[in-house]
Amino acid sequence: MAHFARLIVIAVLLLVAGFVRAGNQRYEPLAASVRAGLSAAIADRASPEPQFASMQEKIDWLTEMSRRLERRIPDRDARHEFLKTVYYEAKRAGLDPQMVLGLIQVESGFKKYAVSSAGARGYMQIMPFWIAEIGSKEDNLFLMRNNLRYGCTILRHYLDIENGDLYRALGRYNGSLGKPEYPNMVRAAWERQWGWRK
């Protein structure tokens, strides 16, 4: 019976690992000026209170996104804190918050402690080498705010490298540059699950 239980646990772990899509971000040497800029973006610890055009827009967005995310993050307070942080970090990096939600859906299925076979961590599946590159050794990639800040900053960096080409930037983010599967999955999740009109 114990052997059977172990087999079930292993099967569940393999199944969960199969849903984690990232882990192939590649280390690329960064120019000193790029490293400094990315480090400054990571180190800034401003309060993550998102700025919306109006209070009504904030209420509408949080209500709608919360409804869509409820099945994945059942705790209301945790869900609202997550959504406010996604919105803040995405906007701070010049990204669409709904696109970031689509990326998180594909990367980790909204699992805070997801780990890929290559060691990428958290919601946005950040490779640990980024801590040495642009962060501080105390940074914990499983902390929600750290993970979202790193992920949004890294994607912004890749967008800048690719002159705004989201398809190529997503390929870099996933380590699959030039292959359509990953960018197409993110776009599909973004449009089908997280698209929102004011």
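Read-outs: derived from the displayed coordinates by stated rules, not from any lab. Keep in mind that what you see is a predicted model, and the values were worked out from it rather than measured. Quick reminder, even Gly has a Cβ in these numbers, built from the backbone with ideal geometry, and neighbours come from all protein chains shown.
Here are the numbers:
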{"read-out": "Long-range amide H partners of residue 126 with built H, under 5 Å", "value": "121"}
{"read-out": "Cβ-defined net charge surrounding residue 73, 11 Å radius [Lys, Arg +1; Asp, Glu -1]", "value": "+3"}
{"read-out": "For the stretch 105-121, Karplus couplings with θ = phi - 60° (6.51, -1.76, 1.60), whole Hz, Gly/Pro x", "value": "4, 6, 5, 9, x, 6, 9, 4, 9, 4, 9, 7, 5, 8, x, 5, 10"}
{"read-out": "Length gained when the stretch residue 59-residue 196 is fully extended (0.36 nm per residue, less Cα-Cα span)", "value": "48.0 nm"}
{"read-out": "Table column - 3J(HN,Hα) (Hz), the stretch 80-87, Karplus curve with 6.51, -1.76, 1.60, x for Gly and Pro", "value": "5, 4, 4, 5, 4, 6, 4, 4"}
{"read-out": "Residues with amide H under 5 Å from that of residue 93, placed H, sequence gap 5 or more", "value": "none"}
{"read-out": "Least to most buried among 167, 173, 113, 182 (fewest other Cβ within 10 Å first)", "value": "113, 167, 182, 173"}
{"read-out": "Pairwise label distance in nanometres, residue 68 with residue 81, each label 7 Å out on the Cα-Cβ vector", "value": "2.3 nm"}
{"read-out": "Charge context of residue 191, other residues only, Cβ under 14 angstrom, K/R +1, D/E -1", "value": "+3"}
{"read-out": "Computed FRET value (nearest 0.05) for residue 188 with residue 137, which takes r as the C-beta separation and R₀ as 35 Å", "value": "0.40"}
{"read-out": "Vicinal HN-Hα couplings computed from phi for the stretch 65-76 (Karplus, 6.51 cos²θ - 1.76 cosθ + 1.60; Hz; Gly/Pro x)", "value": "5, 4, 4, 6, 9, 4, 5, 8, 10, x, 6, 4"}
{"read-out": "Inter-probe distance in nm under a simple model that places probes 7 Å from Cα toward Cβ, at residue 163 and residue 181", "value": "2.9 nm"}
{"read-out": "Sequence-distant residues sharing a close amide H with residue 52 (under 5 Å, placed H)", "value": "none"}
